[in-house]
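Visitor: Let me give you the structure first, and then I'll get to my questions.
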Amino acid sequence: QKEVEQNSGPLSVPEGAIASLNCTYSDRGSQSFFWYRQYSGKSPELIMFIYSNGDKEDGRFTAQLNKASQYVSLLIRDSQPSDSATYLCAVPSSGTYKYIFGTGTRLKVLA
Amino acid sequence: EPEVTQTPSHQVTQMGQEVILRCVPISNHLYFYWYRQILGQKVEFLVSFYNNEISEKSEIFDDQFSVERPDGSNFTLKIRSTKLEDSAMYFCASREGQGGANEKLFFGSGTQLSVL
């Protein structure tokens, strides 16, 4: 059974700090990795994707991928109260069509 | 910006009734999905659809469920005889293709289904 694991949190950080969210996956064949933000009662919103080892930056967000360790992370710099949400890690399962989602990490940014 | 649209946003039904959830995927996308999320739980895969047929389905997607793409734009999920445990938020999603950025999966705003 292919798995995507995340710490459910909540992760609390003060406003302006860096929030670090982590995700591990079991499928060594997975090639691309996605981070979604989900506000309560809303749909997942794609914020980052990465498919090469290393870092990828987009504004205040940086995704980091280490395929050898089967680990992908999301850093949010200068965290704002509006970043308070659940962050979902999603991994397309190799050899299939489906994307497997982690349980999500709830982030609270304290003003 | 193109988006996945879903209707209705809320659906209340009696146990045993049939419901149809509707979706219009992004127009140049080729792969279509239904996911669901029970309150407080993870986003769960139900079914994927490609080239006018089901490409994969989960154990949840039993004979009570069906999907259809009746024309070039709509993608529907039918639940034939709803159960209490079908109460969830149902998300439609689509992606453009295979490989790299084409695999970005975009979600609609969801249909909250309540079975009484």
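Bear in mind that the values in this text are calculations on the coordinates, not laboratory data. Nothing here was measured: the structure is a model prediction, and the numbers come from that model. Here the Cβ is made from the backbone with ideal geometry for all residues, glycine too, and neighbour counts use every protein chain on show.
Visitor: Compute the Cα gyration tensor for region A:25-80, then decide on rounded, prolate or oblate, letting a ≥ b ≥ c be the square roots of its eigenvalues: rounded whenever a/c is under 1.5, prolate when a/b is larger than b/c in the other cases, and oblate in all that remain.
Guide: Oblate is the answer for region A:25-80, as a/c is 1.5 or above yet b/c matches or exceeds a/b.
Visitor: Quick check on region A:48-111: take the gyration tensor over C-alpha atoms, sort the square-rooted eigenvalues as a ≥ b ≥ c, and tell me if it's rounded (a/c under 1.5), prolate or oblate.
Guide: It is oblate, given that a/c is not under 1.5 and a/b is not larger than b/c.
Visitor: List the residues, sorted by chain then number, that are 5 or more residues from A:L107 or on another chain and whose placed amide H is less than 5 Å from its amide H.
Guide: A:L11, A:A85, A:T86, A:Y87
Visitor: Label points 7 Å out from Cα along the Cβ direction at A:I18 and B:I38: separation in nm?
Guide: 3.9 nm
Visitor: Rounded, prolate or oblate: pick one for the protein assembly as shown, where a ≥ b ≥ c are the square roots of the eigenvalues of its C-alpha gyration tensor, a/c under 1.5 means rounded, and failing that, prolate if a/b is larger than b/c, else oblate.
Guide: In terms of gyration-tensor shape, prolate.
Visitor: Then there's this: Give the distance, in whole Å, between the Cα centre of region A:69-111 and the Cα centre of region B:29-100.
Guide: Each part's Cα centre sits 22 Å from the other's.
Visitor: Under 17 Å Cα to Cα from A:K98, which lysines show up? Leave out anything in the same chain fewer than 8 places away.
Guide: Cα-Cα hits under 17 Å: A:K2, B:K42, B:K57, B:K104.
Visitor: Further question: With N residues in chain B, what two-decimal value do you get for its Cα radius of gyration over 2.2 N^0.38 Å? Don't skip to the answer; put the middle values down first.
Guide: Values: Rg = 13.5 Å, N = 116, 2.2 N^0.38 = 13.4 Å.
After normalising by residue count via 2.2 N^0.38 Å, the value is 1.01.
Visitor: Hey, another quick one. Just to be sure I understand the curve: with the Debye formula and one point per C-alpha of region A:1-96, what is log10 I(q)/I(0) at q = 0.21 Å⁻¹?
Guide: Log10 of I(q)/I(0), two decimals: -1.09.
Visitor: How high is the relative contact order of region B:1-105, in percent, counting Cα pairs under 8 Å that sit 6 or more residues apart?
Guide: 34 percent
Visitor: What is the distance in Å between the Cα centroid of region A:37-63 and that of region B:101-116?
Guide: Each part's Cα centre sits 17 Å from the other's.
Visitor: While we're on this one: Enter the mean number of other protein chain beta carbons within 10 Å of the beta carbon of each residue in A:89-99, as an integer.
Guide: 4
Visitor: Now a separate question. What FRET efficiency, computed as 1/(1 + (r/R0)^6) with R0 = 45 Å and r the Cβ-Cβ distance, is obtained for B:L30 and A:K108, rounded to the nearest 0.05?
Guide: According to the calculation, E is roughly 0.75.
Visitor: Can I ask one more? Quick check: pseudo-label points 7 Å beyond the Cα along Cα→Cβ at B:S55 and A:R77, how many nm apart are they?
Guide: In this crude label model, B:S55 to A:R77 measures out at 3.6 nm.
Visitor: By how many nm would the segment from B:L84 to B:M15 grow when fully extended, if each residue of separation counts as 0.36 nm and the alpha-carbon distance is taken off?
Guide: 24.2 nm
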